[in-house]
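K.L.:
Once you've had a glance at the structure underneath, I'll fire off some questions.
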Amino acid sequence: MNKITSYYRLKDNRLTELYRSLEISYPKFFKMDRLCKAGFLASEMVFRSLGEDPQSPKHDTALVFMNSSSSLDNDMDYQTTILPGNYYPSPALFVYTLANIVTGEVAIRNKIFGETSFYISSEFSAKELIITAEGAFDGKGIRRVLCGWTEYFKDACDVLVMMVEKDAAEGLDFTEKNINQIY
Amino acid sequence: MQRVVVTGCGIISALGQGLPATLDALMSHRPGIGPLRYLATAHSHLPCAEVPFSNAQMRSMLGIPEGAVTIRTALMGIIALGEALESAGWNTCRPERPVFISGTTVGGMDKSERFYNDFLTNNSRNDYIRAHDCGSCTQMIADYYGGFDMLSTLSTACSSAANAILTGADMIRTGRTSVAVVGGSECLTRFHLNGFNTLMILDKEPCRPFDDTRAGLNLGEGAAYLVLESAESAQKRGVKPLCLLAGCGNTCDAYHQTASSPTGEGAFLSMKKALAEAGLLPSDIDYINAHGTGTPNNDESEGTAIIRVFGENSVPPVSSTKSFTGHTTSASGSIEAVISILALLHNFTPVNLNFKEKMANLSFTPVTDNKPLRPLKHVLTNSFGFGGNDTSCIFTKI
Amino acid sequence: MEELILELKKQIIEALNLEEITPDDIDTNAPLFVEGLGLDSIDALELIVLMEKNYGIKLTDPGKSKEIFKSVATMAEYIQANRTK
């Protein structure tokens, strides 16, 4: 049975405060858009509770996130830099107009070299989460997957990040019932 | 684990609509890169690779009435999907419970960027609000034909379509489905043309991948889909497979949001992973269809990774067909997979156009001759996305 | 010049989201890239946008920009000599 060995539910949009409370030094945090900040923080809490060193390379870990609004929260910010009459497209904002940069940021921070993927779904679905996350386990040396729902739009933060281990001895069973409960 | 075969494919790009047009352009060294004809932008001087049909023409090809809510990404997707399904004998013997997985980043943005002001000030274009989503785009493409058991949308930037292929293959290998139709579609928009321009990675001339003087990429658009099946399902349906999808690999470069690591770590790992899944040695690969965007960073990084995997003096023929199709972003993984399959079936190596000067740090130069060094049996294709998302797929002749 | 340097530091902090840094923290003559503030390639591009937006200076060659962006001092000198706003 695949088991959830750690998880973090983030609904609070005071991302900078949460970052400061973690007392880590990662100035790149401030360059991220809100989606990446939220995904980064929730992942940080998961790795922290597992007692893991961000610097140690992780080849056996995959990363699969999902959301419904993609990068729309940041896209809207980018849009304001390409208005006729005030046209200065921002490269830093453009970088974040892709949903999967959040998986990139978490991978950079935690040195994750396994499979990464990002799915779009109209709403949170524990069933789809299980299908996409367990897909990462299919015979490729992946022992565990950091997965979850990373939705951030217009100040509404709706994030659940979980570490799921393949055929683990301990932890919460990776089932729809349990996921819905923690969500 | 089930063997995964390809039983059909379809494509539309700057080279034209369908496999015959694509093959002809590749054989005749006729690129699709040129001035913009359909996208209204201030950057009309930038060479791009547009699909040579207006939206009105594509609607007409599909019998879609003028007043219908359509988005360019979906129109291209529907056309390519139709060819794929037809070639897989969809109507002669319909598979059971097929899955559709499509990659896109832009979705309906071609319309939403035009009607953004309307969205804010009046209700005349509200139908296009719902058409904006990546998921809606996938739905539009799938619903034109119907009959899919599950739809899924992937969005991992320039590796999206390749990851759709990988995901579909995984689902078949593990018995979750017996048929997966996979690929991606992406149209040009002002939004990302301006974005790439602001990252200063666009070439003002036609791109020259793997050339020492390369100065960036040309953006393109298009769509391509593959019908993947378990060998068992293909046999049951009485369809002859085009080739085998021998293996795929996806890894993360974990280096930077948009740049690739100097040692090409992610690319190195994804190619090794694909080889391992296929049970092949580097020396088995007969041709590599590189990601080869033509940016100083990618080609250096990918070139380095290729040498690390294949050995300095034993690199197989490599080319980037982005010199033909431009960089079709989210669709590039499947467009280039279809091109790789064409190469395999017709036994030729698509050339790397515009190449003149060898890159100082690489031991190899890209292919400029269609004639392969030896008959093609195994072809590898790379697709790398922002976020360090690197995917490699290997197709094998059967 | 002093005024320009202070203004520039504030603009850099805002444009590059350097939240934990004040103008006093930035050494006018220290390298901006690799060491010093440790800025990266995307930051360089944002600085190019900053030059155009705030000072009307269009930089089209990312390579040549390296010299201009060496430090706040070199940036200020270049702006002083070339600004159109």
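K.L.:
Scanning for something buried (at least 20 other Cβ atoms within 10 Å of the Cβ), within 19 Å of the chain's Cα centre (by Cα) and within 14 Å of chain A (Cβ to nearest Cβ), does region B:229-243 turn up at least one residue?
P.N.:
Checked against the condition, which is being buried (at least 20 other Cβ atoms within 10 Å of the Cβ), within 19 Å of the chain's Cα centre (by Cα) and within 14 Å of chain A (Cβ to nearest Cβ), region B:229-243 yields no hits at all.
K.L.:
Has region B:170-187 got at least one residue that is crowded, with 22+ Cβ neighbours inside 10 Å, β-branched (Val, Ile, Thr), within 24 Å of A:Phe153 (Cα to Cα) and touching an Asp or Glu at 6+ places or on another chain (Cβ under 7 Å)?
P.N.:
Within region B:170-187 (the criterion being crowded, with 22+ Cβ neighbours inside 10 Å, β-branched (Val, Ile, Thr), within 24 Å of A:Phe153 (Cα to Cα) and touching an Asp or Glu at 6+ places or on another chain (Cβ under 7 Å)), the answer is no, since none of the residues qualifies.
K.L.:
Can you tell me which residues in region C:38-62 are outside any helix (DSSP H, G or I) and more than 22 Å from B:Ser261 (Cβ to Cβ)?
P.N.:
C:Gly56, C:Ile57, C:Lys58, C:Leu59, C:Thr60, C:Asp61
K.L.:
Select from region B:274-288 the residues that are within 11 Å of another protein chain (Cβ to nearest Cβ) and buried (at least 23 other Cβ atoms within 10 Å of the Cβ) and list them in ascending order.
P.N.:
B:Ala274, B:Glu277
K.L.:
Also, I was wondering about something else. Consider B:Ala267 carefully, then state whether it is under 19 Å from B:Thr251 (Cα atoms), outside any strand (DSSP E or B), touching a residue at least 40 places away in the same chain (Cβ under 8 Å) and not assigned by TED's automatic domain parsing to the domain that holds B:Gly32.
P.N.:
Yes; evaluated as a whole, the condition is true for this residue.
K.L.:
Which residue pairs have Cβ atoms closer than 7 Å, lie 6 or more positions apart in sequence or on different chains, and pair a first residue in region B:224-240 that is assigned by TED's automatic domain parsing to the domain that holds B:Ser185 and in a strand (DSSP E or B) with a second residue that is buried (at least 24 other Cβ atoms within 10 Å of the Cβ) and polar (S, T, N, Q)?
P.N.:
B:Ala224/B:Ser334; B:Tyr225/B:Ser334; B:Leu226/B:Ser334; B:Val227/B:Thr7; B:Glu229/B:Thr7
K.L.:
Still on this structure: Go through region A:3-57 and report how many residues are buried (at least 20 other Cβ atoms within 10 Å of the Cβ), modelled with pLDDT under 95 and away from every other protein chain (no Cβ under 12 Å).
P.N.:
0
K.L.:
Restricting the search to region A:103-156, which residues are under 24 Å from A:Leu15 (Cα atoms), acidic (Asp, Glu) and facing chain B (nearest Cβ under 8 Å)?
P.N.:
The answer is A:Glu105, and nothing else.
K.L.:
Could I ask something else about it? Taking the condition assigned by TED's automatic domain parsing to the domain that holds B:Gly8, at pLDDT 95 or above and surrounded by fewer than 24 Cβ atoms within 10 Å (Cβ to Cβ), does B:Leu151 pass? Can you show your working first?
P.N.:
Values: assigned by TED's automatic domain parsing to the domain that holds B:Gly8: yes; at pLDDT 95 or above: yes; surrounded by fewer than 24 Cβ atoms within 10 Å (Cβ to Cβ): yes.
So B:Leu151 fits the description; yes.
K.L.:
Follow-up question, since we're still on this one. Which one of these is over 21 Å from B:Pro52 (Cβ atoms), surrounded by 24 or more Cβ atoms within 10 Å (Cβ to Cβ) and assigned by TED's automatic domain parsing to the domain that holds B:Ser230: B:Ser87, B:Ser102, B:Ser112? Reasoning before the result, please.
P.N.:
Working: B:Ser87 fails: surrounded by 24 or more Cβ atoms within 10 Å (Cβ to Cβ); B:Ser112 fails: surrounded by 24 or more Cβ atoms within 10 Å (Cβ to Cβ).
The conditions single out B:Ser102.
K.L.:
May I pose another question? Residue under question is C:Leu4, and the condition is that it be in contact with a strand residue (DSSP E or B) (Cβ under 9 Å, 6 or more places away or on another chain), surrounded by 16 or more Cβ atoms within 10 Å (Cβ to Cβ), part of a helix (DSSP H, G or I) and not acidic (Asp, Glu); does it hold?
P.N.:
Here the answer is no, as C:Leu4 does not meet what is asked.
K.L.:
Could you give every pair whose Cβ atoms fall below 8 Å, whose first residue belongs to region A:132-153 and is free of Cβ contacts under 8 Å to residues at least 60 places away in the same chain, and whose second residue is assigned to a loop (DSSP other than H, G, I, E, B) and charged (D, E, K, R), counting only separations of at least 6 or pairs across chains?
P.N.:
Close Cβ pairs satisfying both conditions: A:Lys140/A:Glu115.
The values are calculated or read from the model by the stated rules, or taken from the named source; none is laboratory data. Please read all numbers here as calculations on a predicted model, not as lab measurements. All Cβ positions, glycine included, derive from the backbone under ideal geometry; neighbour counts span all protein chains shown.
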